[in-house]
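See below for the structure under consideration.
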């Protein structure tokens, strides 16, 4: 695997995206991309005892759908790589504990899906695996309890806050097959602009997205118009506008090429959306259900997805720490065998 520049992995044998699977919650299914999700639930509790159990079920369901679409069984998968936002990656490990497959839990907050894809692609490119399943989950109610206040408190949110996406997504990467390939991955650095409010994640994460996207372009020598779409993970309205301002400062005016998954997944008139979507499943659902479909159908030829993550916890916030952030990016390209 050649290294391009200082932060970018270029895969000599680009792994293919064999299938994707997306399972969405109620608000997500009612959003503008609702028809593109494989499964849409009308009850975010799923009839289970706890929100955490519901999220675990979402992750398990996404894996089941992916395996079914690929006509594979769990032993056909060499490695499972995934993440969620709960302590000890409970949704990933608890939700998939029945699968007799080696598991690697990863964590970059809401940037975890691109971390999982990058590591999965690396294992296939190096020859240690042939089929790798990657995925993430998140849930509005579990994330609020984990990072801010339980929903039962009824805490008021400012307009800068974002709604955590309820859902899960999975993709199977393979050494061959499929029209979409993972060709490169740029590993982000931690960026800390000393934002301290847990309601200001977009502002905290935008500089990390700017850093990683800039690093990718410098490492590869590509220009903006080499991509049909550059998508960030979940900056929301506030972070997206900050990112545009950062690029405009460098003389780059992105136009419609720059999008954000947190803006694509909800309509502005949906309740409690505020500044847009966020969460470990935000980038995953939009990328797997919408963006990769555009690639497979030939609408796009090459896209860059730069997932974004705010690296905070309830403890660090209560201790007055800032919210450092990270963004990892993956290049998807349409390839014909």
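The values are calculated or read from the model by the stated rules, or taken from the named source; none is laboratory data. Just so it is clear, the structure is predicted and the values come from calculations on it, not from any experiment. Every residue, glycine among them, receives a Cβ derived from its backbone with ideal geometry; neighbour counts consider all protein chains shown.
Mind checking which residues of the stretch 295-319 are under 20 Å from residue 220 (Cβ atoms) and outside any strand (DSSP E or B)?
295, 300, 301
Scan the stretch 145-168 and give yes if some residue there is modelled with pLDDT of 90 or more and within 30 Å of residue 218 (Cα to Cα), otherwise no.
Checking the stretch 145-168: not a single residue is modelled with pLDDT of 90 or more and within 30 Å of residue 218 (Cα to Cα).
Yes/no per residue for (1) in contact with a helix residue (DSSP H, G or I) (Cβ under 8 Å, 6 or more places away or on another chain); (2) free of Cβ contacts under 8 Å to residues at least 12 places away in the same chain; (3) in the same structural domain as residue 213 (by TED's automatic domain parsing):
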| position | (1), (2), (3) |
| --- | --- |
| 237 | yes, no, yes |
| 252 | yes, no, yes |
| 255 | no, yes, yes |
| 262 | yes, no, yes |
| 267 | no, no, yes |
| 275 | yes, no, yes |
| 279 | yes, no, yes |
| 282 | yes, no, yes |
| 288 | no, no, yes |
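If you check 317, 305, which single one turns out to be in the same structural domain as residue 190 (by TED's automatic domain parsing), in contact (Cβ under 8 Å) with a residue 60 or more places away in the chain, in contact with a helix residue (DSSP H, G or I) (Cβ under 8 Å, 6 or more places away or on another chain) and closer than 15 Å to residue 209 by Cα?
The unique qualifying residue is 305.
Which of the residues that make up the stretch 38-47 are more than 18 Å from the chain's Cα centre (by Cα) and part of a loop (DSSP other than H, G, I, E, B)?
41, 42, 43, 44, 45, 46, 47, listed by residue number.
Which residues, taken from the stretch 18-36, are more than 13 Å from residue 169 (Cα to Cα) and assigned to a strand (DSSP E or B)?
Correct list: 18 only.
Look at residue 37 and say whether it is within 30 Å of residue 222 (Cα to Cα) and touching a residue at least 60 places away in the same chain (Cβ under 8 Å).
When the stated conditions are applied, residue 37 does not pass them.
If I ask for residues that are closer than 19 Å to residue 311 by Cβ and touching a strand residue (DSSP E or B) at 6+ places or on another chain (Cβ under 7 Å), which ones from the stretch 82-103 would you list?
82, 83, 84, 85, 89, 91, 92
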